[in-house]
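See below for the structure under consideration.
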Amino acid sequence: MVAKLIVFLLIFTYFGLAGSKDLNELKDLLYLSHYGPDNPYDSRIFPCHFEYCLVGVELSFQPKSITGFVMETGILSLTGKISLSWVDENIGEWMIGSEHSSITEMILPEDYLWLPTITVYNTVKEFKMISDPSHKVRILPISGTGTQSPIEWVTTLITDIPCVINVKYYPFDEQTCEIVFTPWGYNVSEVYLYTADDVLNTAQYEVNEEWTMEAGAASNYSVDGISYLKYEFKLKRKYLWFFINMVAPIILLSMLTAFVNMIPVDCGERLTFLLTIFLGLAFYMDMVQRTIPRTSNPMPFISFYLTGMVYLNSFAIIINIFLMRIYNKDPDSTVPVAVRCFIATLTWRWCCPKKVKPDPDAVQPIETDKEHTIPVETITLAPMERIDWRTTGIALDILFFYVFTFMHVLCSILFLVPLSQGAIYNI
């Protein structure tokens, strides 16, 4: 067993050293073949040896996944793949008409060749060149009768970028994001970026549990003599979880405020009922505020709706406190004339007088003889007759039931209907 292990280690060491030796020879071959021993290739030197020359770098970005999206700050954490290609004129001349022209393609570490200093211009992390020492650079074969060898470099990107947050239709919202690349340290007359993509390529995008990505336009431009390449995309929220666990409970909870006046006042549970609704609305308001940025430009419709429902619930608490005082007034005390007039108007007594039967214990039927009895006729009350405090409380309960129902419907029309438009657009 020990002998086999020793043989294995010897073989592994031999091939490892051989591979390292071949790589060093290849590096020396690259460094010395073009300029010669006195002027070797240097990866720090610009890959164009004319006085006025321009290196065009073709860049293609493919997003891979969203690793996080902090709505409070608008920071999107994104991973993806970047493919770059350009021409190194120095290597191109070495590959043509030399004793090494039979070598058509090579794969080298990053530090062996000149690389464009591509950076994410709008990153919120450390501002540095996109690079990974573990990735290789590929020198491709020269096509046709050309004299320049293209370089291809594929690397990965992990970055954080800001997005423009718009929570107006939350949770049926969509966010606009963009990622901007630039060759840091070079002006547009030296290195310019371009892409063959008309839109962002999302073929390798992995499905996110909360967001759907929609590709946007890709464009290159220059500002102050610097070349930029911008990819735009949109993120649409998957709203089903938020609708079931947030929007629907808020609507149902706010509807209960109108029904508080249907609870009999004698059970003494009206204020408890309203306070429970108030605490529920406060809980959902806190939930919404913890998931969206604290901004007023624009505020989400659901925040307006929640605030309106909290105000309506507070108003209902105040009204029911006064109604409970009305119900508990002395039954023998006289209701003010103005209150009786209002209640008579509210109950339509002016145009539809109320008719009641007299108390059978206080009024006896008139007997003319043993066979005929004259029944007591129904009494028509005056508009403000027999309006006591309990009658006043019952009438006000009915009135405020309709008032709270109307206010709830009005808030729903003002805030939830525009919210539904965002939902239709997001479907």
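Here are the numbers:
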read-out	value
Mean separation of Cα contacts under 8 Å (6+ apart) over length of the stretch 147-230, as relative contact order %	29
Extension reserve of the Leu275-Cys53 stretch, reckoned as 0.36 nm per residue once the Cα distance is removed	72.4 nm
GluC sites (Glu not before Pro) lying in DSSP loop within the stretch 195-237, provided at most 15 other Cβ fall within 10 Å	Glu206, Glu209, Glu210
Exposure of Asp224 as accessible area (Å², to 10), given a probe of 1.4 Å and all protein chains	150
Heavy-atom accessible area ranking, 1.4 Å probe, most first, across Val260, Val265	Val265, Val260
Accessible surface ranking that places the most exposed of Arg138, Arg44, Arg290 first, with a 1.4 angstrom probe	Arg44, Arg290, Arg138
Cα-projected label distance for Asp286 with Glu214, points at 7 Å along beta-carbon direction, nm	3.5
Exposure rank, largest accessible area first [Tyr305, Tyr327, Tyr239; 1.4 Å]	Tyr239, Tyr327, Tyr305
Rounded to the nearest 10 Å², the accessible area of Tyr221 at probe 1.4 Å	80
Under 14 Å, Cβ to Cβ, from Phe322 - net charge with Lys/Arg +1 and Asp/Glu -1	+2
Distance in nm between pseudo-label sites at Leu346 and Ser131 (7 Å out along the Cβ direction from Cα)	8.0
Projected label distance in nm at Lys168 and Tyr194, using a 7 Å step from Cα toward the beta-carbon	3.8
Gain upon complete extension [Ser77, Val417; 0.36 nm per residue less C-alpha separation]	119.1 nm
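The values are calculated or read from the model by the stated rules, or taken from the named source; none is laboratory data. Please read these numbers as outputs of a predicted model, since none were measured by experiment. Neighbour counts run over all protein chains shown; Cβ positions are idealised from the backbone, glycine included. Ligands, DNA and RNA are excluded from the accessible area calculation, which covers all protein heavy atoms including side chains. Shrake-Rupley method; radii C 1.70, N 1.55, O 1.52, S 1.80 Å.
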